[in-house]
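Chemist: Questions regarding the structure given below will be posed in turn.
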Amino acid sequence: LYYDQRWWSVAMDHYALAIKKNAQYRSNPTLNRNVVSMLASDKTSRKAQGFLKFTVGRPAVPYLRHAAQHDPSAQVRKTSGWLLRNL
């Protein structure tokens with residue numbers, strides 16, 4: 001719900017709590033796609049980068065790879081490619 005309302009920082013806080021309770025959420029497709037899309041926002045891009053790199057980690061690779069190649073946003077493509085090289 002927070003993601004849909006564009007309260008992306010709050011959404012990431014709740015995603016982190018979910019991952020803390022159950023690490024399998026790191027591989028959740030909806031969670032990964034939502035956080036990757038947050039890379040487009042100047043306001044949440046840094047937090048999303050840290051979240052993907054340090055909280056989600058390797059399970060984010062397929063979503064980042066797809067975004068780096070196919071996302072309509074140049075910022076998401078660029079940042080996804082950088083994260084892929086630095087995970």
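The values are calculated or read from the model by the stated rules, or taken from the named source; none is laboratory data. Worth saying up front: this structure is predicted, and the values here are computed from it rather than measured. Neighbour counts are summed over all protein chains in view; Cβ atoms, including those assigned to glycine, are modelled from backbone coordinates with ideal geometry. Areas reflect the complete protein model, heavy atoms only, side chains present, ligands, DNA and RNA absent. Shrake-Rupley method; radii C 1.70, N 1.55, O 1.52, S 1.80 Å.
Chemist: Among the residues of the stretch 26-36, write down those that are of a type in the set (S, T, Y) and either more than 16 Å from Y3 (Cβ to Cβ) or at pLDDT 95 or above (or both).
Modeler: Within the stretch 26-36, S27 is the sole residue that qualifies.
Chemist: Here's another thing I want to ask about it. For the list (1) on the phi > 0 side of the Ramachandran plot; (2) in contact with a Lys or Arg (Cβ under 6 Å, 6 or more places away or on another chain), I need the number of the one condition that I19 fails.
Modeler: So I19 meets the others, but not (1).
Chemist: For Q5, are the conditions met, namely being polar (S, T, N, Q) and not in a helix (DSSP H, G or I)?
Modeler: For Q5, the condition - polar (S, T, N, Q) and not in a helix (DSSP H, G or I) - is met.
Chemist: Next question. Would you point out which residue out of V35, V61 is of a type in the set (V, I, T) and more than 9 Å from the chain's Cα centre (by Cα)? First the steps, then the outcome.
Modeler: Values: V35 fails: more than 9 Å from the chain's Cα centre (by Cα).
Going through V35, V61 in turn, just one is of a type in the set (V, I, T) and more than 9 Å from the chain's Cα centre (by Cα): V61.
Chemist: In the stretch 8-59, how many are outside any helix (DSSP H, G or I) and surrounded by fewer than 16 Cβ atoms within 10 Å (Cβ to Cβ)? Break it down into steps so the answer makes sense when it comes.
Modeler: Applying the first criterion (outside any helix (DSSP H, G or I)) to the stretch 8-59 yields 22, 28, 41-44, 57.
Narrowing the set further to residues that are surrounded by fewer than 16 Cβ atoms within 10 Å (Cβ to Cβ) leaves 22, 42-43, 57.
Final tally of qualifying residues: 4.
Chemist: For the stretch 45-87, how many residues meet the condition of being of a type in the set (D, E) and modelled with pLDDT of 95 or more?
Modeler: Narrowing the stretch 45-87 to residues of a type in the set (D, E): 71.
With modelled with pLDDT of 95 or more added as a condition, the list becomes none.
Looking only at that region, the number is 0.
Chemist: A follow-up question, please. So, in the stretch 60-78, exactly how many residues are open to solvent by 10 Å² or more (accessible area, probe 1.4 Å) and either of a type in the set (A, V, I, L, M) or under 22 Å from D4 (Cα atoms) (or both)?
Modeler: 11
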